[in-house]
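What follows is a set of notes on a single structure, which appears directly below.
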Amino acid sequence: MKKLAVAIAMILSAPAIAETNNAGVVTEQSSAANISELSSTADKPNNLYDFIENDKLSGVAYSGAELGGNVLFDDQNNSNFEHTYMFKVGADLSYAVTESFSLLIGGEARYEWAGYDKKVESVNYVDRFVFGAQSVAGVTTFGKQCGIADVYLGFGDISKEHGIGAEADEATCTDEQLNHHYFGENFDIGAAWEHSNDAWAVGGSTTVGPVVIGGTYVDISKGENSTAAQDRSEKVYTVGAVAVLDKFNFAAKYDFADVEAISANNEETKGYALGIAYQATMNLSISSTYNSEDYNFTESSRSYMEDDWFTLGASYRLNEHLEFVTDYKFASEDDDKLFLRANVSL
């Protein structure tokens, strides 16, 4: 829920439609499947309003909200409800220098409040501000943004909210990130670099018949000159596959994260997820997943070193502006949670 407007299509051989890419720029994508349905970390596209359109300059704007949170059943946090509310407004401009080369600039501001029960804090912030270019070589942007790692860390996790997911914050959504994304005929590939933590990532997907395979590799080296100096390194691998068969999606995902530190504990996490989704109607989608994780830490305050859980979720699109989403996480060592959210796109 911290991400910019991302809609990257996965079955690229199907008829194309207009959608937004990592920079919020309208590009030609496939209508057969969408990364936002195959990845738990990819944001769904916004409803775009064209406020400028001529031979050289084009501009789109959007606004929306995410309203909801988690009901906590086991009360392990001594709380009953975890709030997450957010309003956003954004815009993107594209200036065509030639027929095949355009300059880009865009941004998004948010107002958010979150917390447990009555202890809720609010914050205003700029979530995205980028500039860059689009050409036959792809889309290149620099600035505050979420890049290729953020999109593909969740690939193959088709839970609505509470599936498995390796973390790599230093390379996903950062303040000074260089990101490039290229779309081929039946594949896409991208790379990102964040200099303050010497973090980089590569990721992408390819389509083989009805199966889409995707993933990412993230390498983080936080030394004495980093913004959060910890003299540690982190590597994250994740790979997933989704079979798109009529109204059913069958998904599998594996991830591995290894953190090595000079002055702190080493941490290794690995896990996998299996899922199935069913498009019951044009507006109603149902999904269920099984998730398992193992934790190998040098020292840990955890009361458990392995966990497995199930999710059962659904999303219902009332109209083009309003969608309701729910996901129930149960049988975990952690809190059982019922996720409830309304996604608003204006």
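The values are calculated or read from the model by the stated rules, or taken from the named source; none is laboratory data. Owing to the predicted nature of the structure, the values given are computational and were not obtained by experimental measurement. All Cβ positions, even for glycine, are placed from backbone atoms using ideal geometry, and neighbour counts span all protein chains on display. In case anyone asks, the SASA skips ligands and DNA or RNA and just uses the protein heavy atoms, side chains included. Shrake-Rupley method; radii C 1.70, N 1.55, O 1.52, S 1.80 Å.
Which of the residues belonging to the stretch 152-167 are in contact with an Asp or Glu (Cβ under 8 Å, 6 or more places away or on another chain) and closer than 13 Å to Ala201 by Cβ?
Listed by number, the residues that qualify are Leu153, Ala166.
Yes/no per residue for (1) farther than 27 Å from Ser315 by Cα; (2) at pLDDT below 90; (3) open to solvent by less than 20 Å² (accessible area, probe 1.4 Å); (4) not in a strand (DSSP E or B):
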| site | (1), (2), (3), (4) |
| --- | --- |
| Ile158 | no, no, yes, yes |
| Gly165 | no, yes, no, yes |
| Glu170 | yes, yes, no, yes |
| Trp200 | yes, no, no, no |
| Gly204 | no, no, yes, no |
| Thr216 | no, no, yes, no |
| Asp219 | yes, no, no, no |
| Ala228 | yes, yes, no, yes |
| Ala251 | no, no, yes, no |
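What residue, of Asn21, Asn47, is in contact with a Phe, Trp or Tyr (Cβ under 9 Å, 6 or more places away or on another chain) and modelled with pLDDT under 50?
Answer to the selection: Asn21.
Just checking, how many residues over the stretch 253-275 are surrounded by fewer than 16 Cβ atoms within 10 Å (Cβ to Cβ) and among the hydroxyl-bearing types (Ser, Thr, Tyr)?
Qualifying residue count, the stretch 253-275: 1.
Count, please, the residues in the stretch 59-80 that happen to be modelled with pLDDT under 95 and either farther than 22 Å from Asp336 by Cβ or open to solvent by 50 Å² or more (accessible area, probe 1.4 Å) (or both).
Here the count works out to 7.
Filter the stretch 259-305 down to the residues that are of a type in the set (Phe, Trp, Tyr) and at pLDDT below 80, then identify the one that is nearest to Leu245 (Cα to Cα).
Just the residues of the stretch 259-305 that are of a type in the set (Phe, Trp, Tyr), to begin with: 272, 278, 290, 295, 297, 304.
Restricting the remaining residues to those that are at pLDDT below 80 gives 297, 304.
Details: Phe297: 40, Tyr304: 37 Å.
Checked the stretch 259-305; the qualifying residue nearest to Leu245 (Cα to Cα) is Tyr304.
State all residues of the stretch 105-132 that are among the aliphatic types (A, V, I, L, M) and within 22 Å of the chain's Cα centre (by Cα); if no residue qualifies, say none.
Hits for the stretch 105-132 are Ile105, Ala109, Ala114, Val123, Val126, Val130.
Please find, within the stretch 106-156, the residue that is farthest from Tyr49 (Cα to Cα) out of those that are surrounded by 22 or more Cβ atoms within 10 Å (Cβ to Cβ) and acidic (Asp, Glu).
Asp150
Looking at (1) surrounded by fewer than 22 Cβ atoms within 10 Å (Cβ to Cβ); (2) hydrophobic (A, V, I, L, M, F, W, C); (3) farther than 30 Å from Asp335 by Cβ; (4) in contact with an Asp or Glu (Cβ under 9 Å, 6 or more places away or on another chain), find the lone condition where Ala243 falls short.
That leaves (4) as the condition not met.
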